[in-house]
1. Whole percent per 5 Å bin, from 0 to the bin with the longest distance: what is P(r) over all C-alpha pairs of the range 96-135?
2. What do you get for Rg/Rh over the range 197-311 if you use C-alpha atoms and the Kirkwood form of Rh?
3. What does the charge count around residue 54 come to, taking other residues whose C-beta lies under 15 Å from its C-beta (Lys +1, Arg +1, Asp -1, Glu -1)?
4. Per the Debye formula with a single identical scatterer at each Cα and no solvent contribution, what log10 I(q)/I(0) holds for the range 277-362 at q = 0.13, 0.19, 0.23 Å⁻¹?
5. Defining a contact as two alpha carbons under 8 Å apart and six or more residues distant in sequence, what relative contact order in percent does the chain show?
6. Each residue of the range 214-227 in order: what ³J(HN,Hα) in whole Hz does its phi give by Karplus 6.51 cos²θ - 1.76 cosθ + 1.60, θ = phi - 60°, with x for Gly and Pro?
7. Sorted from largest to smallest, which semi-axis lengths in Å does the alpha carbon gyration tensor of the range 158-226 give for its equivalent ellipsoid, taking the root of 5 times each eigenvalue?
8. Mean-square fluctuation check for the chain, GNM, Cα pairs under 10 Å: which of 253, 195, 47 is largest?
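We did not get these values from a lab; they are worked out from the coordinates using the rules stated. Worth saying up front: this structure is predicted, and the values here are computed from it rather than measured. Ideal geometry is used to build each Cβ from the backbone, glycine not excepted, and the neighbour counts take in all protein chains shown.
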Amino acid sequence: MSAFGFTLTARDGAARRGTLTTAHGTAQTPAFMAVGTAGTVKAMTADQVRATGTEIVLGNTYHLMLRPGSSRVAALGGLHRMMDWPGIILTDSGGFQVMSLAKLRKLDEIGVTFRSHLDGSAHHLTPESSTAIQHDLDATITMAFDECTKFPATPDEAAASMRLSMRWAARSRDAFTPRPGYGQFGIVQGGIYPDLRAESAAALTAIGFEGYAIGGLAVGEGQAAMFETLDATTHLLPATHPRYLMGVGTPDDLLGSIARGVDMFDCVMPTRAGRTGRAYTSRGVFNLRNARFADDPAPLDPGCACTLCTRHSRAYLHHLFRCEEMLGPMLLTGHNLTYYQTLMRGARDAIETGGFAAYAATAREGWTQTDDR
C-alpha cells in the first residue's frame, strides 16, 4: 500500500503542478473533485464520472451519518465499495453544515448539537465523532472538524470562530487513526482578515497534517475578496503539502486560484448547473432552456469530447430540458464535469511549459465570445 504523499513536478509563478499519492491511487493536480454528497455524483454512474477524467470524489459526513449511517456503510464494505469508486474519496467533516444549519443547531466548545433537516431528530457532532464517522466511511482524505465562519463577520466574531476551529483541529488530529496511504487535512479559517488567516495557518502547521485546506470562502465575500485572502494565505502553508480551496467555484475562480498556489478544488456548481440546463463551455455559460437553441443543430461545445458534444445537438438538449426528460440533466452534468476536467488538464499542461498565464488569458477570452449564445 502506497504512503500518502504529494510531489511537486513543476511551478509557473505561484501555480503548481503535482501528483497526490494515496492508498486508493494517484491524482494529478491542479485537480477538480466531483461532489458526491450522499455517496453519488447526481445523475451519473461511477463509470460516467471516471470518463470525465475525475480522479477524486467527495462524500459528506453530515448527510451520510443521517442516511444510510456510517456503521451501515462500514458493514457494507465502506464508501469505495458501496459507490463503485475504488479511487480517492475525500469526506467533508460536516463543518459547513454547522454554519448552514444555524437555525437547527447549538454550538459549544464540545461540538454541535443539531436537528436533522430530514426528520428533526437530535444529533451531536464533535471533532472526535466526525473523525470516527469518516473512518467508518473509509475516507482516503479525512477533513478536520471546523466551524465555517459566517460572512459577514466582525474581526472579533471571525477570531472567536477561527480559534474554536483550531482547538477542534487539534482534537480531530488526536482522533485520527494513521494508516498507510490515508491522510487528514486541517482547515484554515479567519474570514477575510489576513492576520487571522496567518494565525490559523500557523496553528495548523504546528499541529501537522497531510494537507491543508482553505475554508470559509465563496460564502458571499465576492471574487476580489476571495483572491485577496488567498494572496495572504497560500504562501503561509507548507509548500510540500497539497492545498485545497473548499467549495470553489466557477471556471474563472479556478484559474485565479491556481495562479495563487491552490492545488485542489471542489464545488457543486458544474453538477448542479447540469441539472438545471446551464452549460459551462469554452465560449461561456449557456442556458439550454433558452428558445434560441430550439433549432440549433450545432454541438454544445465543438471542441469537447464528451458524449453530449460528440453525438447530440444543442436543439436536442433544449428539447430534453423542455420536456423534463431525465436524459437532459444526465448528459449536461457529464458535459459540465468533462469541461471542468479539461480545464484542469490544460492548466496542468500549461504550468509544465511555463505558459499558465497565457492559457488562462486564452480561456477567459473564449468565455467572452457571445455570438452563438
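1. Distribution as computed: 6, 24, 31, 27, 12, 1 percent.
2. Dividing the radius of gyration by the Kirkwood radius yields 1.10.
3. Charge balance in the 15 Å sphere: 0.
4. Debye output, listed in q order: -0.44, -0.79, -1.03.
5. 18 percent
6. With the stated coefficients, the range 214-227 comes to 10, x, x, 10, 6, 10, x, 7, x, 5, 4, 5, 4, 5 Hz.
7. 24, 13, 9
8. Of 253, 195, 47, the most mobile in the Gaussian network model is 47.
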